[in-house]
Amino acid sequence: EASQIPQRVLFYKPYMSNGLADRLLLEQELHKALANEEFYLDFQPQVNIKTDKIDSVEALVRWRHPTRGFVSPEQFIPIAEESGLIIPLGKWILETACAQAKIWREQGLPPMKVAVNLSIGQLFQQDLVHMVQEILQCTKLEPKYLQLEITESMTMNIDQITQLLHELKTIGIQIAVDDFGTGYSSLSYLKDFPIDCLKIDRTFVRNIQHNPNDEALVSMILSMAKHLRLKVVAEGIEEVEQLAFLIDGGCDYIQGYLFSKPISAEEISNNFKELHRR
Ligand code: C2E
Ligand code: CA
Ligand code: CA
Ligand code: CA
């Protein structure tokens, strides 16, 4: 009997040290977080290169944990996806983002599109189209001011997604492909999907001044997008050299720390006039 104790300890120990217990705890806490209103949204401006104005922002979810402090979405979104919590959380994010866009309009800010990230689980939830419709009705946000960001990994099931995206387009919202170029999917979906916008992933832009291959890839994406009549957002712009290259290449929007980190809804309202002038 006594010999079983160390065995059990041995059995559990590696998992504990690998952080599985912590992950399970985080998952439990994540479930409580929605009811406890521990989530909020920040918004990162996207600058229209041609007009030098902000006409869109990306909503990014934040979790302020009572004891752990700030937990990164890179950490909790995967857990929310695996545990199914992404369905209620995703709905809350969409509602909150649309309601905020409406509040900005009522405060007299110029019209801004709000981009909301969709998780794969949300794409396959039964009533997504209906839910989006309802949220737009409740918040009285014009559909053209909502953009949903999907990733290439979601394009694996082409037929099903094509149908769904067409239904979403019928409502009048915009669709963007996020992290473009990082997935392994074939480009053929670009001709079937009703897409409005490509977002070039930060990994391509990061070394653009130093790496000719990255430069070639970004140029290729920009020219392809132009031919397909898609708008392009370049993500993660931190340096003026990157900006110069993208302006040269005809990129439409830039998003990155060079211009602004993700900021609160209040900061968007308060700084808007200043942001708009820069
Ligand atoms: P993403 O959708 O690609 O979002 C862009 C990420 O890049 C954000 O990180 C943003 O803060 C960061 N970023 C923007 N500009 C710069 C820059 O110039 N330099 C650097 N180093 N980073 C920059 P964040 O907010 O930590 O989000 C990480 C990821 O978590 C997102 O990547 C997205 O995949 C996921 N995520 C965030 N919010 C949501 C959400 O509301 N719903 C879902 N489903 N996923 C979300
Ligand atoms: Ca995104
Ligand atoms: Ca992205
Ligand atoms: Ca990303």
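The values are calculated or read from the model by the stated rules, or taken from the named source; none is laboratory data. Here the structure is a predicted model, which is why all the values come from computation and not from measurement. A quick note on method: Cβ atoms are made from the backbone with ideal geometry, for glycine too, and the neighbour counts reach across all protein chains shown. For the accessible areas, the whole protein counts, side chains as well, though only heavy atoms, and no ligand, DNA or RNA atoms are used. Shrake-Rupley method; radii C 1.70, N 1.55, O 1.52, S 1.80 Å.
Conditions tested, residue by residue: (1) closer than 22 Å to Ser269 by Cβ; (2) of a type in the set (Val, Ile, Thr); (3) within 16 Å of ligand 2 (Cβ to nearest atom); (4) open to solvent by 20 Å² or more (accessible area, probe 1.4 Å).
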{"position": "His31", "(1), (2), (3), (4)": "no, no, no, yes"}
{"position": "Asp52", "(1), (2), (3), (4)": "yes, no, no, yes"}
{"position": "Trp63", "(1), (2), (3), (4)": "no, no, no, no"}
{"position": "Glu74", "(1), (2), (3), (4)": "no, no, yes, yes"}
{"position": "Gln107", "(1), (2), (3), (4)": "yes, no, no, yes"}
Scanning region 153-210 for residues that are small (Gly, Ala, Ser) and within 11 Å of ligand 3 (Cβ to nearest atom) gives Ala176, Gly181
Checked Leu187, Leu141, Leu222, Leu165 against criteria (farther than 15 Å from Cys251 by Cβ and touching a helix residue (DSSP H, G or I) at 6+ places or on another chain (Cβ under 7 Å)); the one match is Leu141
Taking region 130-149 as the search range and keeping residues that are in a loop (DSSP other than H, G, I, E, B) and of a type outside the set (Asp, Glu), which one is nearest to the chain's Cα centre (by Cα)? Leu141
Would you tally the residues in region 111-130 being open to solvent by 50 Å² or more (accessible area, probe 1.4 Å) and in contact (Cβ under 8 Å) with a residue 40 or more places away in the chain? 2
Restricting attention to region 79-105, which residues are within 15 Å of ligand 2 (Cβ to nearest atom) and of a type outside the set (D, E, K, R)? Ile86, Gly90, Ile93, Leu94, Ala97
Taking the residues in region 191-223 that are open to solvent by 40 Å² or more (accessible area, probe 1.4 Å) and closer than 19 Å to Ala176 by Cβ as candidates, determine which candidate is nearest to ligand 4 (Cβ to nearest atom). Arg202
